[in-house]
Amino acid sequence: MLSVRASRDPLDDVSATTGTHGPWQQRVEEFVLSQIAEPSARVLEVGCGDGDLARALHRAGHIVTAIDPQAPPGHLFQPLKLEEFSDTGPFDSVVSSLALHHIADLKGAVDRIAGLLVREGALILVEFAWDRLDDRTARWAMDHLGGDLLSETPSWLQRLLQEWRGQAVGLTNASIEPCCARWSDAEGLHSSPKMLAELRHRFEERVLEWTPYLYPELPDCGEDEEYAAIRARVINAIGFRYVGTPRTQTRLREP
């Protein structure tokens, strides 16, 4: 089964954050649109969430189908899991933002997506590498959160940092990695190495960019500051963008 977890993405609180969701979502839309060269391309979005990206693609003139178990109403959207989607394509592009890492059957999902694309079609991903949140990156984030670490409605990042700080009491070298591992196990998240390995079996990699991801959660930090810290190797990049085209043998043949 290719089930998307009913809890949606553990980072839904990012998209609900006023004042920060807009710039991050704008970057996602700009990147995805820049990777679709064909006018009026047929595009499938897997895991469309609230539908912002699908609507942006539609406004740009593309022919959009967007699926998600909790898809919003509207002609662009179908409330379906990937394994329930009966359209055989082919699509010019398949796009997905923050969905692949929590699809239970990763291999099945990647196989299915490869089979839905035209021969030179593109899989365009915006993803999250929770496994790259190491101690130095966590310390940097904690410095930028300040008193917000004690929020009454903590985000995913605040919850991890709170657990890490509690674990560190009385310990000299407590690492955040066990906290991340417990969280990812509970949420059923795939690591970035696992996702990239599965993708490389079935796709020719065209683009892989490591990007800022934490700034929507950090009230005194913008995208430029996080990017500067990444370039200076002060922190790890937690986001990545990927574009791949199907390897010839992965295209599902019509009967």
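The values are calculated or read from the model by the stated rules, or taken from the named source; none is laboratory data. Remember, it's a predicted structure, so these values are computed and weren't measured experimentally. Counting neighbours? That spans all protein chains shown, and the Cβs are built from the backbone with ideal geometry, glycine included.
Condition check ((1) assigned to a strand (DSSP E or B); (2) not assigned by TED's automatic domain parsing to the domain that holds residue 51) across all residues:
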{"site": "86", "(1), (2)": "no, no"}
{"site": "121", "(1), (2)": "yes, no"}
{"site": "124", "(1), (2)": "yes, no"}
{"site": "139", "(1), (2)": "no, yes"}
{"site": "144", "(1), (2)": "no, yes"}
Worksheet item: Conditions: (1) in contact with a Phe, Trp or Tyr (Cβ under 9 Å, 6 or more places away or on another chain); (2) within 30 Å of residue 118 (Cα to Cα); (3) surrounded by fewer than 19 Cβ atoms within 10 Å (Cβ to Cβ). Residue 183 meets all but one. Number of the miss?
Response: (2)
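Could we say that residue 213 is of a type in the set (Ser, Thr, Tyr) and assigned to a loop (DSSP other than H, G, I, E, B) here?
Yes, satisfied.
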Discussion item. Let me spell it out: the conditions are (1) over 15 Å from the mean Cα position of the chain (by Cα); (2) farther than 24 Å from residue 35 by Cα; (3) in contact (Cβ under 8 Å) with a residue 40 or more places away in the chain, and residue 184 meets all of them except one. Which number is the exception?
Written reply: (1)
Item to complete: Kindly indicate whether any position in the stretch 47-65 is in a loop (DSSP other than H, G, I, E, B), over 21 Å from the mean Cα position of the chain (by Cα), farther than 27 Å from residue 202 by Cβ and not small (Gly, Ala, Ser).
Response: no
Worksheet item: What are the residues in the stretch 23-45 that are farther than 20 Å from residue 65 by Cβ and without any contact (Cβ under 8 Å) to a residue 12 or more places away in the chain, if any?
Response: 26, 30, 34
Worksheet item: Mind checking which residues of the stretch 79-96 are hydroxyl-bearing (Ser, Thr, Tyr) and within 11 Å of residue 48 (Cα to Cα)?
Response: 96
Discussion item. Just to be sure before I move on: is residue 167 polar (S, T, N, Q) and either at pLDDT 95 or above or over 25 Å from residue 101 (Cα atoms) (or both) in the structure I sent?
Written reply: yes
